[in-house]
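Q: Just passing along the structure, written as structure tokens.
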Amino acid sequence: MSASVGLDRVLEPAGVLPQAAWRLDARPEIAADEVRIAVERLNLDAASYRQLATKHEGDGDAIRAEVLEIVATRGKMHNPVTGSGGMLIGVVEEVGSESPLPLKPGDRVATLVSLTLTPLRITDGLASWDGKSEQVPARGTAILFGRSVAAVLPADLAPELALAVYDVCGAPALTDRVVRDYEGEEVTVAVLGGAGKSGSLSLTAARLAGARTAAVVVNDDEAGRVRDAGLADAVAVADARDPVEVSRQVTEALGGPATITVVCVDVPGCEHGAILSTAPGGTVIFFSMATSFPAAALGAEGLAADVTMLIGNGYLPGHAEFAVDLLRRVPAVRRLFEARVAGH
């Protein structure tokens, strides 16, 4: 068990799992149930990249230097401020004799586990990255454990596009599941951050599952993109950190509070607006790594809100295939992702 969950890779503090560890052993030699990946590209999660970009005022060299420092210090890409990381793509170099993962040398894969628990070594100084995007060309090695999750990249998608989808594939899969749990009821879904990667896929999943949807976005430009793509039944513009305004906009857009509110905004302070926007007996799904779960729990208590709050943990069985299928089935979503990747 200790090897399959990566406990042998923890350097400090002793006894915790890799995600909770401060520092991991990122040496490239593998144990019997490990897999070594030759890294090609990292995808920093949105909350982590936003924090770094804000801290360094968009200075790409400074952002790159801090990412290198984090990886060198911690043996993983685990932002100490946001507590988040991202994911990567690369080519399988070596598979241990006891690895349960269905991988073989030469497979080009995306890791579907967070960089916050993935032993990572960077060998090129990120020389091909300008520091101004979430997607990071990189060379180095990463280690997967027996209980890690990875997917072979689909042949019909560019690697950068697949990485962008896989980075958020847990969001639409869980949204679909929760909508379908309300079987027999009329379901409305509000997505805060509906123009982003996880938000656009969550809106699509909710509509295909039969829900009526509203996208809450931060400005008119994002509203125009969502409307042009036809992703939601209604679009509202509001700062997700303003709870009263968010609630008012959602209520107007849907004719009442949402049955389900999905939070995909990569800034802190959106918990109370999501709670106020949700009907009694409804569900709030938090996918943003900027979420303060104490603020959510105490805010719901203080508002006497009878809502179920879920942490989107990024994994459901079949979540990668589900998200890729959405991209294939809905051309407008694919165009949004391709534009985002091209912008990088």
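The values are calculated or read from the model by the stated rules, or taken from the named source; none is laboratory data. Every value quoted in this text rests on a predicted model; they were computed, and no experiment measured them. Reconstructed Cβ throughout: ideal geometry from the backbone, glycine too, with neighbour counts over all protein chains shown.
Q: Here are some conditions: (1) touching a helix residue (DSSP H, G or I) at 6+ places or on another chain (Cβ under 6 Å); (2) more than 20 Å from GLN19 (Cα to Cα). GLU93 meets all but one. Which one does it not meet?
A: (1)
Q: Which of the residues that make up the range 1-48 are within 19 Å of LEU112 (Cβ to Cβ) and either among the basic types (Lys, Arg) or part of a helix (DSSP H, G or I) (or both)?
A: ARG9, ARG36, ARG41, ALA46, ALA47, SER48, listed by residue number.
Q: Touching a strand residue (DSSP E or B) at 6+ places or on another chain (Cβ under 7 Å), surrounded by 15 or more Cβ atoms within 10 Å (Cβ to Cβ) and in the same structural domain as VAL267 (by TED's automatic domain parsing) - does that describe any residue in the range 320-328?
A: Scanning the range 320-328 turns up at least one residue that is touching a strand residue (DSSP E or B) at 6+ places or on another chain (Cβ under 7 Å), surrounded by 15 or more Cβ atoms within 10 Å (Cβ to Cβ) and in the same structural domain as VAL267 (by TED's automatic domain parsing).
Q: Same structure, new question: Taking the range 1-17 on its own, how many of its residues are without any contact (Cβ under 8 Å) to a residue 12 or more places away in the chain and buried (at least 21 other Cβ atoms within 10 Å of the Cβ)?
A: Of the residues in the range 1-17, 0 are without any contact (Cβ under 8 Å) to a residue 12 or more places away in the chain and buried (at least 21 other Cβ atoms within 10 Å of the Cβ).
Q: Within the range 299-317, is there a residue that is at pLDDT below 95, of a type in the set (Val, Ile, Thr) and touching a Phe, Trp or Tyr at 6+ places or on another chain (Cβ under 7 Å)?
A: Looking through the range 299-317, at least one residue is at pLDDT below 95, of a type in the set (Val, Ile, Thr) and touching a Phe, Trp or Tyr at 6+ places or on another chain (Cβ under 7 Å).
Q: Sticking with this structure for a sec: Looking at the range 303-319, is at least one residue out of contact with any Cys (no Cβ under 7 Å at 6 or more places or on another chain) and free of Cβ contacts under 8 Å to residues at least 24 places away in the same chain? Explain how you work it out, then say what you get.
A: The initial filter retains those residues of the range 303-319 that are out of contact with any Cys (no Cβ under 7 Å at 6 or more places or on another chain), namely 303-318.
Retained after the next criterion (residues that are free of Cβ contacts under 8 Å to residues at least 24 places away in the same chain): 304, 317.
Within the range 303-319 (the criterion being out of contact with any Cys (no Cβ under 7 Å at 6 or more places or on another chain) and free of Cβ contacts under 8 Å to residues at least 24 places away in the same chain), the answer is yes, since at least one residue qualifies.
Q: Taking the conditions exactly as written (in contact (Cβ under 8 Å) with a residue 12 or more places away in the chain and either surrounded by fewer than 19 Cβ atoms within 10 Å (Cβ to Cβ) or in the same structural domain as ALA110 (by TED's automatic domain parsing) (or both)), does ALA20 satisfy them or not?
A: no
Q: Check ALA190 against each of (1) assigned to a helix (DSSP H, G or I); (2) assigned by TED's automatic domain parsing to the domain that holds ALA274 and name the one condition it does not meet.
A: Only one criterion is unmet by ALA190, namely (1).
Q: Go through GLU301, GLU321 for me and flag whichever is more than 21 Å from ASP167 (Cα to Cα) and part of a helix (DSSP H, G or I).
A: Working: GLU321 fails: more than 21 Å from ASP167 (Cα to Cα).
Testing whether each residue is more than 21 Å from ASP167 (Cα to Cα) and part of a helix (DSSP H, G or I) leaves just GLU301.
Q: In the range 116-169, which strands (runs of 3 or more DSSP E) lie fully inside it and hold 1 or more residues that are free of Cβ contacts under 8 Å to residues at least 24 places away in the same chain, closer than 23 Å to LEU17 by Cα and not assigned by TED's automatic domain parsing to the domain that holds LEU316?
A: The strands (runs of 3 or more DSSP E) meeting that bar number zero.
Q: Pairs please, first residue from the range 202-218 and within 21 Å of VAL246 (Cα to Cα), second anywhere and among the acidic types (Asp, Glu) and not in a strand (DSSP E or B), Cβ atoms under 7 Å, 6+ apart in sequence or on different chains.
A: ARG212/ASP233; THR213/ASP233; ALA214/ASP233; VAL218/ASP239
Q: Being part of a loop (DSSP other than H, G, I, E, B), among the hydrophobic types (A, V, I, L, M, F, W, C) and either surrounded by 22 or more Cβ atoms within 10 Å (Cβ to Cβ) or not assigned by TED's automatic domain parsing to the domain that holds ALA190 (or both) is the filter here, so list the residues in the range 239-294 that pass it. Talk me through it step by step, then tell me what you get.
A: If we filter the range 239-294 for residues that are part of a loop (DSSP other than H, G, I, E, B), which is where we start, we get 239-242, 255-257, 264-270, 277, 287-292.
Applying the additional criterion that residues be among the hydrophobic types (A, V, I, L, M, F, W, C) yields 240, 264-265, 267, 270, 287, 289-290.
Across the range 239-294, the qualifying residues are ALA240, CYS264, VAL265, CYS270, PHE287, MET289, ALA290.
Condition check ((1) surrounded by 20 or more Cβ atoms within 10 Å (Cβ to Cβ); (2) of a type outside the set (A, V, I, L, M)) across all residues:
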{"position": "HIS56", "(1), (2)": "no, yes"}
{"position": "MET77", "(1), (2)": "yes, no"}
{"position": "SER99", "(1), (2)": "yes, yes"}
{"position": "LYS104", "(1), (2)": "no, yes"}
{"position": "SER133", "(1), (2)": "no, yes"}
{"position": "THR141", "(1), (2)": "yes, yes"}
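Q: Further, regarding this structure: Would you check if there is a residue in the range 75-96 being among the β-branched types (Val, Ile, Thr), without any contact (Cβ under 8 Å) to a residue 40 or more places away in the chain and in a loop (DSSP other than H, G, I, E, B)?
A: Filtering the range 75-96 down to residues among the β-branched types (Val, Ile, Thr) leaves 81-82, 89, 91-92, 95.
Imposing the further condition that a residue be without any contact (Cβ under 8 Å) to a residue 40 or more places away in the chain reduces the set to 81.
Retained after the next criterion (residues that are in a loop (DSSP other than H, G, I, E, B)): 81.
Yes, some residue in the range 75-96 is among the β-branched types (Val, Ile, Thr), without any contact (Cβ under 8 Å) to a residue 40 or more places away in the chain and in a loop (DSSP other than H, G, I, E, B).
Q: Could you list, in sequence order, the residues of the range 226-238 that are over 21 Å from the mean Cα position of the chain (by Cα) and not in a loop (DSSP other than H, G, I, E, B)? Lay out the reasoning, then the answer.
A: Looking only at the range 226-238, we keep the residues that are over 21 Å from the mean Cα position of the chain (by Cα), and these are 227-230, 233-238.
ARG227, ASP228, ALA229, ALA234, VAL235, ALA236, VAL237 - these are the residues of the range 226-238 that are over 21 Å from the mean Cα position of the chain (by Cα) and not in a loop (DSSP other than H, G, I, E, B).
Q: OK, next. If you take the residues in the range 201-225 that are part of a helix (DSSP H, G or I), of a type in the set (A, V, I, L, M) and more than 20 Å from the chain's Cα centre (by Cα), which one is nearest to TYR182 (Cα to Cα)? Even if it seems obvious, please write down each step before you answer.
A: Within the range 201-225, the subset part of a helix (DSSP H, G or I) is 201-208, 220-225.
Now restrict to residues that are of a type in the set (A, V, I, L, M): 201, 203, 205-206, 208, 223.
Narrowing further to those that are more than 20 Å from the chain's Cα centre (by Cα): 208, 223.
Numbers: LEU208: 14, ALA223: 28 Å.
Within the range 201-225, the match that is nearest to TYR182 (Cα to Cα) is LEU208.
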